[in-house]
Amino acid sequence: MPVISLPNVRLHVQELNPEGAETLIMVHGMFSNLAVYYFNIAPMLAKHFRVVLFDMKGHGMSEKVQTGYDLTSMTNDLRDLMDALGIEKAHLAGYSYGGLVALKMATRFPERVGKLAIIEGPDPSEQETLTIIDTYSKEFLIHYIENFADTTRLLAGKRQLEKNHRMYEFLFNETSIRSDMEGEKAFFNDPAVAAIEHETLLIYGEESNCVPSGRTLASRISNATLVLAPGDHNVPVQQPEVIGKELERFFEPSPLPVG
Amino acid sequence: MDQLIQENKLSKEEIFETLNQFITEVIGEEFVEEMDITPASSFTKDLEMDSIEIVAFSEKVKNHFGSNIDFTGWLSNMDLDEIIQLKLENIINYIQECQ
């Protein structure tokens, strides 16, 4: 700890309340890292659960690898991580692309997933992320970090700007992330998504342009509830308390009936 | 001398030296050379640490000072603006209080 060697990749992992009876695994989004949950949302949920956070490959403090950013590879990583930590079954929460990873887990390994919370999961067929990648430039990056980077709303200094620039340069120019994400365009139309039976919470920012994606999922997943929270795509950063409370309410096991 | 001071209690200077070392490990020596790290340095403005670097720093603090210090719990009671304002001396004081 905190870097775990899996068969295909080494991932940076942080655990809160390891003694918790049930486990909740939280998956961050593209170009972000586990810190999006670490300071506010995860400690709220760690009051009830063992909470496992990890950096996706190529992100945060995990290994920088060139391939395998598609949802199948990402869910292989997550399954391997669960195996390595001895977790048979876990609740999943995923933000943005991490939400798609959580959905994919429910389609591929339904028996290993408890409840499912998707925060701002974008429909990859209309995702502007792909456009963002195409219009990528340093000027764009500065603008993006100041306005949209979903880790924190900290203003980036020079070293941070350089660091972020290196991350984007690496992910865009030295990895398959672009084509891997493009390859997922039809994901919401996958019949396996419509067949998800898990109790599912969909949280979207009411100002977010991903709200239609939330409505699509709500219409396809039979056991899904859509909640709109004040904010846009960055709602976990803008309203960590609100998101933490929604997740707490959703995941917390209902007390046994008395008598 | 003063009976209230425990023998193994670290001084502020000793804690500062340890934290300084952790910061160097997290952000890299080449960047630290250009900085003047003092107890008044703020994490985000002066040291330009981002959140994942603060996570790595917290991990080192926890591993070094032990489980008596719930550093993550302490941080989680702050809102983001407080974390942005956080200075090295705040952490030094917190660690001293926990000893």
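Any residue at all in segment B:87-98 that's away from chain A (no Cβ under 11 Å) and open to solvent by 80 Å² or more (accessible area, probe 1.4 Å)?
Taking segment B:87-98 first, the residues away from chain A (no Cβ under 11 Å) are B:87-98.
Of the ones still in play, those that are also open to solvent by 80 Å² or more (accessible area, probe 1.4 Å) are B:97.
Yes, segment B:87-98 contains a residue that is away from chain A (no Cβ under 11 Å) and open to solvent by 80 Å² or more (accessible area, probe 1.4 Å).
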Looking at the structure I just gave you, is A:Lys104 out of contact with any strand residue (DSSP E or B) (no Cβ under 7 Å at 6 or more places or on another chain), in a loop (DSSP other than H, G, I, E, B) and of a type outside the set (A, V, I, L, M, F, W, C)? no
All but one of (1) modelled with pLDDT of 80 or more; (2) touching a Ser or Thr at 6+ places or on another chain (Cβ under 8 Å); (3) within 8 Å of chain A (Cβ to nearest Cβ) hold for B:His64; which doesn't? (3)
Applying the selection to segment B:23-47, what residues are more than 12 Å from chain A (Cβ to nearest Cβ), surrounded by 15 or more Cβ atoms within 10 Å (Cβ to Cβ), under 20 Å from B:Ile83 (Cβ atoms) and not small (Gly, Ala, Ser)? B:Ile23, B:Ile37, B:Pro39
Exactly one condition in (1) farther than 23 Å from A:Tyr38 by Cα; (2) in contact with a Phe, Trp or Tyr (Cβ under 9 Å, 6 or more places away or on another chain); (3) open to solvent by 30 Å² or more (accessible area, probe 1.4 Å); (4) modelled with pLDDT of 90 or more is false for A:Glu111; which is it? (2)
List pairs: first in segment B:1-28 and basic (Lys, Arg), second at pLDDT below 85, Cβ under 6 Å, 6+ apart or cross-chain? B:Lys9/B:Gln99
Kindly check whether there is at least one residue in segment A:187-196 that is crowded, with 17+ Cβ neighbours inside 10 Å and outside any helix (DSSP H, G or I). yes
Total residues in segment A:78-96, condition in contact with a Leu (Cβ under 9 Å, 6 or more places away or on another chain) and either under 25 Å from A:Arg249 (Cβ atoms) or crowded, with 22+ Cβ neighbours inside 10 Å (or both): 7
Test set (1) open to solvent by 60 Å² or more (accessible area, probe 1.4 Å); (2) within 10 Å of chain A (Cβ to nearest Cβ) - B:Ile84 fails condition number: (1)
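Considering only residues of segment A:45-65 that are within 8 Å of another protein chain (Cβ to nearest Cβ) and open to solvent by 10 Å² or more (accessible area, probe 1.4 Å), which is nearest to A:Leu247 (Cα to Cα)?
If we take residues in segment A:45-65 being within 8 Å of another protein chain (Cβ to nearest Cβ) and open to solvent by 10 Å² or more (accessible area, probe 1.4 Å), then A:Gly60 is nearest to A:Leu247 (Cα to Cα).
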Kindly provide the set of residues from segment A:63-100 that are under 16 Å from A:Ser176 (Cβ atoms) and over 12 Å from the mean Cα position of the chain (by Cα), ordered by number. A:Glu63, A:Lys64, A:Val65, A:Gln66, A:Thr67, A:Gly68, A:Tyr69, A:Asp70, A:Thr72, A:Ser73, A:Asn76, A:Asp77
Please list, ordered by first then second residue, the pairs with beta carbon atoms under 9 Å, 6 or more apart or interchain, first in segment A:172-186 and open to solvent by less than 70 Å² (accessible area, probe 1.4 Å), second among the charged types (D, E, K, R) and assigned to a helix (DSSP H, G or I). A:Phe172/A:Arg178; A:Glu184/A:Lys104
Would you please name the residue that is most open to solvent (accessible area, probe 1.4 Å), looking only at residues in segment A:221-244 that are out of contact with any strand residue (DSSP E or B) (no Cβ under 7 Å at 6 or more places or on another chain) and closer than 23 Å to A:His198 by Cα? A:Ser222
Any residue at all in segment A:146-158 that's of a type in the set (Lys, Arg), open to solvent by 10 Å² or more (accessible area, probe 1.4 Å) and modelled with pLDDT of 95 or more? no
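The values are calculated or read from the model by the stated rules, or taken from the named source; none is laboratory data. The structure displayed is predicted, hence computed values, not measured ones. Please note: Cβ atoms are built from the backbone with ideal geometry, for glycine as well, and neighbour counts cover all protein chains shown. What goes into the accessible areas is simple: the full protein's heavy atoms, side chains included, and nothing from ligands, DNA or RNA. Shrake-Rupley method; radii C 1.70, N 1.55, O 1.52, S 1.80 Å.
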